[in-house]
Amino acid sequence: VGEVDAHTGEILAFYDDTKYQQIKGHVNPISDDGDCATGGCREPGYPMPFTNYTEDGGATQYTGDFGLYECSTLGSTIATTLNGQFVRISDSCGPVSGSTTCDDDLDLGVAAGINCSVAPGASAGNTDAARSAFFSLGRVNQKARFWNPTNTWLNAQVTCNTNVNSTCNASWGGAINMYRAGNGCGNTSQIQGVVTHEWGHGYDQNDGGGYDNPSEAYADVTAIFEARESCVGHGFYQSGTCSGYGDTCLTCTGIRDMDWDARTDHTPATPSGFLTSNCGGGGGACGKEVHCESYVPSEAMFDLATRDLPAMGIDADTAWQIAENLWYRSRPGSGGDVYNCSLPNSDSCS
């Protein structure tokens with residue numbers, strides 16, 4: 001805005017009058033297991049990236065990656081429903097909505113408990129699960145769009161159904177389905193590793209090459225790079241650790257631990273060893289159960305980032321970045337068997 005004296009031409013004021021405020025809320029950045037040191041607690045003030053908003057019921061607009069919105073009239077009503085540019089939340093507990101006035105932050109707040117619990121006065125779907133899944137999906141999608149900006153699926157909207165009325169699981173089937181806490185398991189919407197795992201299945205289907213085999217490895221590796229840890233989805237189990245399909249996880253409370261030295265056998269998973277001894281039959285590249293077969297390629301990717309590249313003298317952050325770069329840049333057109341499995345010899349596919 002420029003203010004000029006109409007008689008003298010003197011500039012009286014010149015300033016940016018755009019109202020930039022944030023749509024934000026509490027989220028579980030990594031897990032809901034209560035281990036605050038590893039991201040297992042709810043944190044305030046996390047942005048709702050690329051979410052929808054309206055001003056006085058006008059045209060739909062979208063925030064940026066830090067949840068910032070613009071408004072033009074002080075006191076106007078700013079509203080969001082988490083029906084974003086790239087992610088739409090559909091919470092089974094009810095609709096998601098929140099509002100504020102220009103030019104105030106729109107803080108979606110924090111729930112008083114788990115599953116369908118919401119803050120007093122909040123909409124029925126404004127759950128911790130809804131906000132956490134929206135944030136996690138917004139971030140992984142943003143990262144993938146950086147590497148593959150022309151992918152149509154990444155630039156479209158995906159639906160995430162939060163608080164699905166079941167427990168101890170999650171799924172992909174054209175939409176992401178995240179289940180409630182109960183029966184010894186956490187709310188999977190609030191566990192970043194599980195959310196990004198299911199999103200990884202969607203990306204696998206839509207990267208231009210159809211599903212990889214096993215697709216579970218594609219999804220696990222996506223989750224590994226998002227959290228930069230071997231334990232995929234820690235907090236999935238509220239007590240105990242993952243079974244490791246016979247090679248029990250030492251500390252991981254997630255669905256799988258892809259550090260071979262963090263399981264009881266302290267031995268890398270190979271087709272001629274681990275898969276033969278530990279995995280039952282299924283549709284994987286080696287004819288084994290697909291989740292169990294994930295250990296072979298997923299361990300290899302974790303090793304690349306945390307053992308192989310650092311052994312070459314590369315610092316830890318750069319090693320993760322190189323491995324992630326290779327992963328995302330090799331996704332377009334990826335499909336079919338991830339490796340050959342002619343036992344006792346096997347190798348990656350050409």
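For Asp17, only one of the following conditions fails: (1) at positive phi; (2) open to solvent by 30 Å² or more (accessible area, probe 1.4 Å). What is its number?
Failed condition: (1).
May I ask you to say which residue of Thr73, Thr80, Thr60, Thr51 is in contact with a Ser or Thr (Cβ under 9 Å, 6 or more places away or on another chain), farther than 29 Å from Ala181 by Cβ and among the β-branched types (Val, Ile, Thr)?
Working: Thr73 fails: in contact with a Ser or Thr (Cβ under 9 Å, 6 or more places away or on another chain); Thr80 fails: farther than 29 Å from Ala181 by Cβ; Thr51 fails: farther than 29 Å from Ala181 by Cβ.
Sole residue among the options that is in contact with a Ser or Thr (Cβ under 9 Å, 6 or more places away or on another chain), farther than 29 Å from Ala181 by Cβ and among the β-branched types (Val, Ile, Thr): Thr60.
If a residue counts only when it is open to solvent by less than 60 Å² (accessible area, probe 1.4 Å) and of a type outside the set (A, V, I, L, M, F, W, C), which helices (runs of 4 or more DSSP H) contained entirely in region 229-332 have at least 3 such residues? Step through it out loud before you land on a result.
Working: elements: 290-293, 295-303, 316-329.
It comes to 295-303, 316-329.
Yes/no per residue for (1) aliphatic (A, V, I, L, M); (2) closer than 23 Å to Ala175 by Cα; (3) modelled with pLDDT under 95:
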| residue | (1), (2), (3) |
| --- | --- |
| Gly58 | no, no, no |
| Ser76 | no, no, no |
| Ser99 | no, no, no |
| Leu154 | yes, yes, no |
| Cys160 | no, yes, no |
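For region 133-204, list the strands (runs of 3 or more DSSP E) that sit wholly inside it and hold at least 1 residues that are touching a residue at least 40 places away in the same chain (Cβ under 8 Å) and surrounded by 23 or more Cβ atoms within 10 Å (Cβ to Cβ); which are they? Write out each step before concluding.
Numbers: elements: 158-167, 170-172, 176-180.
Output list reads 158-167, 176-180.
Of all residues in region 9-29 being modelled with pLDDT of 95 or more and among the polar types (S, T, N, Q), which is nearest to the chain's Cα centre (by Cα)?
It comes out as Asn28.
Kindly provide the set of residues from region 56-70 that are free of Cβ contacts under 8 Å to residues at least 40 places away in the same chain and assigned to a strand (DSSP E or B), ordered by number. Show your work before the answer.
Going through region 56-70, the residues free of Cβ contacts under 8 Å to residues at least 40 places away in the same chain turn out to be 56-62, 64.
Correct list: Gln61, Tyr62.
Identify the single condition in (1) at pLDDT 95 or above; (2) surrounded by fewer than 21 Cβ atoms within 10 Å (Cβ to Cβ) that Gly113 does not satisfy, given that it satisfies every other one.
Of everything listed in (1) at pLDDT 95 or above; (2) surrounded by fewer than 21 Cβ atoms within 10 Å (Cβ to Cβ), Gly113 misses just condition (1).
Quick grid of which residues meet (1) hydroxyl-bearing (Ser, Thr, Tyr); (2) assigned to a strand (DSSP E or B):
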| site | (1), (2) |
| --- | --- |
| Thr8 | yes, no |
| Ala13 | no, yes |
| Gly25 | no, yes |
| Pro44 | no, yes |
| Thr54 | yes, yes |
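The values are calculated or read from the model by the stated rules, or taken from the named source; none is laboratory data. Note that the structure is predicted; figures quoted are calculated from it, not measured. Cβ: placed from backbone, ideal geometry, glycine included. Neighbour counts: every protein chain shown. Surface accessibility is based on the protein's heavy atoms, side chains included, excluding ligands, DNA and RNA. Shrake-Rupley method; radii C 1.70, N 1.55, O 1.52, S 1.80 Å.
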